[in-house]
Protein chains: 2
Amino acid sequence: LILTVTLNAALDVTYRLGEVHWDQVNRVEQVSTRAGGKGVNVARVLHALGVDSTVTGLVGGATGDAIRADLAAAGLNDQMVGIAGESRRTVVIVHPRGATVFNEPGAHVSASEWAAFVDRFGELLAGCAAVVLSGSVPPGIPREAYAVLLRMATDAGVQGVLDAQGEALMAGLAGRPAIVKPNQLELGAAVGRPCGSMEDLLAAAGLLRSGGAGAVVVTRGADGLVASTPDGNWTAAAPESVAGNATGAGDAVAAALAVGLLRAQPWPERLVEAVAMGAAAVVGSLAGDIDLASYRGFRAAVHLRRL
Amino acid sequence: LILTVTLNAALDVTYRLGEVHWDQVNRVEQVSTRAGGKGVNVARVLHALGVDSTVTGLVGGATGDAIRADLAAAGLNDQMVGIAGESRRTVVIVHPRGATVFNEPGAHVSASEWAAFVDRFGELLAGCAAVVLSGSVPPGIPREAYAVLLRMATDAGVQGVLDAQGEALMAGLAGRPAIVKPNQLELGAAVGRPCGSMEDLLAAAGLLRSGGAGAVVVTRGADGLVASTPDGNWTAAAPESVAGNATGAGDAVAAALAVGLLRAQPWPERLVEAVAMGAAAVVGSLAGDIDLASYRGFRAAVHLRRL
């Protein structure tokens, strides 16, 4: 069983338009909504793979009700914890030549709500093999939130994947996550310098490992990923660029890495799975959707290279 | 008493950002929501002027509840009629150099919900002196909706102001509204040719009057307005361009025109009020807000010219 944590769960709202007139009035042609937040996307991928998972995090208000209704519709095991505030929305403006994302900051979480979540998280860890902690931390939650949760997981014998950025990532390292999964930009921002070259990137990954991360897997869009692990360093990439929607590809990679922990796969195998899953998510139409046929095809074609 | 009708009421959501990165991911700094739709804005202006009004229209779902809660908070007399569908939202992306509006189409209204609204509208007409019908018509409502409501109003001795565009405007003319209030672009779109010159504009207004409108008041942004009425034609404008947010200025003009009907003001007086109110709405920070001090100042300064 894999537990996914989405502290700042959202209702993802997509507006589709044939054309956008910036700084003018636009009529939206199609509105679609679904439960979102990176951890929810991870759970969708696990569900598609037939891997048991439980979804937790914080939701509230009418928007929280809409999130929970959609989790149920998707067949996910919803163990969200309620808060008094209203859950946030994200709005994505999609037109034929691009997509603009607007992320609301999220409702304030009180100290007692956070304490109630920590208690529930402790209960949910029982029976889990891995936990994936994803995304931003809503206002009101202590900055060391991910470190607290990761320590509890370690104490319960549950390995953690941390997919966060900035302060949430850096503060989370103290919780000794088994794997952290920044993208190249997030890694550069976290260590305070660009990671354009492989040398810079591996040096930055080394900093995160000396800070507490067991391994660092850096996603680089169409260039695949770079892994810095106790067993060695690798690059892995799909043989060719995949056309589609990259939103949620990182969540598919996180899902694959969690499955790798669950199954104690050797690193080369994990990385092939992670690249194939990320590419299959680009083919999938929405964040959290993966194209299973593409996934099987990509698996056989990933280029893995030991550094 | 003035009745305002907003068939496609909305929850207006404003996202404020210091900078917008189009086709990228943006973190919204500030989220604010309030009840919207053009008729709701008209009622806000009437409330600020101390003119009694009643707000009706169609709302549903959790978003409808949020709209009603905000109407109550604003001290407006809420006589909205419920529907099963979820009320729409509008999202306005505000950054220091502009604002982009995204209007959702609105929930589908069933035949029985529309019939229930028509009944309620008939009851609400009792005791009203004027009715303002504003904005788009949600999916499911017959195209002649405004004509039906305007005929009921006329039969009850209530004069109507129609502020709509396109098909809703043209189909509404059969209901013989006392005043229609398109802007210059909407007028051009309605008659199918541009109205750049005063001659074209008056010819187009004449078409709407021969179609059933008692008078036509055309708003022209900073250039004020042009009125084509049974008593003659006028232009009216503020003495100088007013800086601020033009959203809702047309709704303030509609409110002034309704007050003119209520008080049986002569046209020159109505037009001075309408220009002053529109300019005061530009000074006001949000749609439906008017700056009362500016309003009093502008009244003394409007340039009125008989054509």
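The values are calculated or read from the model by the stated rules, or taken from the named source; none is laboratory data. Note that this is a predicted model, so its numbers are computed, not measured. Cβ placement follows ideal geometry from the backbone for every residue including glycine, while neighbour counts extend to all protein chains displayed. Areas reflect the complete protein model, heavy atoms only, side chains present, ligands, DNA and RNA absent. Shrake-Rupley method; radii C 1.70, N 1.55, O 1.52, S 1.80 Å.
On the basis of being part of a helix (DSSP H, G or I), within 13 Å of another protein chain (Cβ to nearest Cβ) and open to solvent by less than 30 Å² (accessible area, probe 1.4 Å), does B:Ile93 make the cut? Criteria not met by B:Ile93. Among the residues of segment A:79-90, those that are more than 14 Å from chain B (Cβ to nearest Cβ) and open to solvent by less than 40 Å² (accessible area, probe 1.4 Å) comprise A:Met80, A:Val81, A:Ile83. Scanning segment B:96-115 for residues that are surrounded by fewer than 16 Cβ atoms within 10 Å (Cβ to Cβ) and either away from every other protein chain (no Cβ under 14 Å) or assigned to a helix (DSSP H, G or I) (or both) gives B:Ser110, B:Ala111, B:Ser112, B:Ala115. Take the conditions (1) open to solvent by 10 Å² or more (accessible area, probe 1.4 Å); (2) in contact (Cβ under 8 Å) with a residue 40 or more places away in the chain; (3) more than 25 Å from B:Met170 (Cα to Cα); B:Thr235 misses just one of them, which is (3). Among the conditions (1) out of contact with any strand residue (DSSP E or B) (no Cβ under 6 Å at 6 or more places or on another chain); (2) part of a helix (DSSP H, G or I), the only one that B:Pro138 does not satisfy is (2). Look at (1) part of a strand (DSSP E or B); (2) over 18 Å from B:Ile2 (Cβ atoms); (3) free of Cβ contacts under 8 Å to residues at least 60 places away in the same chain and you find that B:Val217 fails only one, number (2).
Touching a helix residue (DSSP H, G or I) at 6+ places or on another chain (Cβ under 6 Å) and free of Cβ contacts under 8 Å to residues at least 40 places away in the same chain - does that describe any residue in segment B:85-105? Yes, some residue in segment B:85-105 is touching a helix residue (DSSP H, G or I) at 6+ places or on another chain (Cβ under 6 Å) and free of Cβ contacts under 8 Å to residues at least 40 places away in the same chain. Select from segment B:161-185 the residues that are open to solvent by 10 Å² or more (accessible area, probe 1.4 Å) and assigned to a loop (DSSP other than H, G, I, E, B) and list them in ascending order. Once the filter is applied, which keeps residues that are open to solvent by 10 Å² or more (accessible area, probe 1.4 Å) and assigned to a loop (DSSP other than H, G, I, E, B), segment B:161-185 yields B:Gln165, B:Arg176, B:Ala178. With the condition kept exactly as written, say whether any residue in segment B:129-137 is away from chain A (no Cβ under 14 Å), open to solvent by less than 50 Å² (accessible area, probe 1.4 Å), within 18 Å of B:Leu208 (Cβ to Cβ) and of a type in the set (A, V, I, L, M). Yes, that holds for at least one residue.
In the set B:Ala99, B:Ala73, B:Ala84, only one residue is at pLDDT 95 or above, touching a strand residue (DSSP E or B) at 6+ places or on another chain (Cβ under 7 Å) and of a type in the set (Gly, Ala, Ser); that residue is B:Ala84.
Suppose we keep only residues that are of a type in the set (D, E, K, R) and closer than 14 Å to B:Arg220 by Cα within segment B:238-278. Which one would you say is surrounded by the fewest Cβ atoms within 10 Å (Cβ to Cβ)? Ranking the qualifying residues of segment B:238-278, first place goes to B:Glu240.
For segment B:38-78, filtering for residues that are within 14 Å of another protein chain (Cβ to nearest Cβ), surrounded by 24 or more Cβ atoms within 10 Å (Cβ to Cβ) and on the phi > 0 side of the Ramachandran plot leaves 0.
Based on this model, can you work out whether A:Ala111 counts as over 19 Å from A:Leu149 (Cβ atoms), touching a residue at least 12 places away in the same chain (Cβ under 8 Å) and of a type in the set (Gly, Ala, Ser)? Considered against the rule, which asks whether it is over 19 Å from A:Leu149 (Cβ atoms), touching a residue at least 12 places away in the same chain (Cβ under 8 Å) and of a type in the set (Gly, Ala, Ser), A:Ala111 comes out as no.
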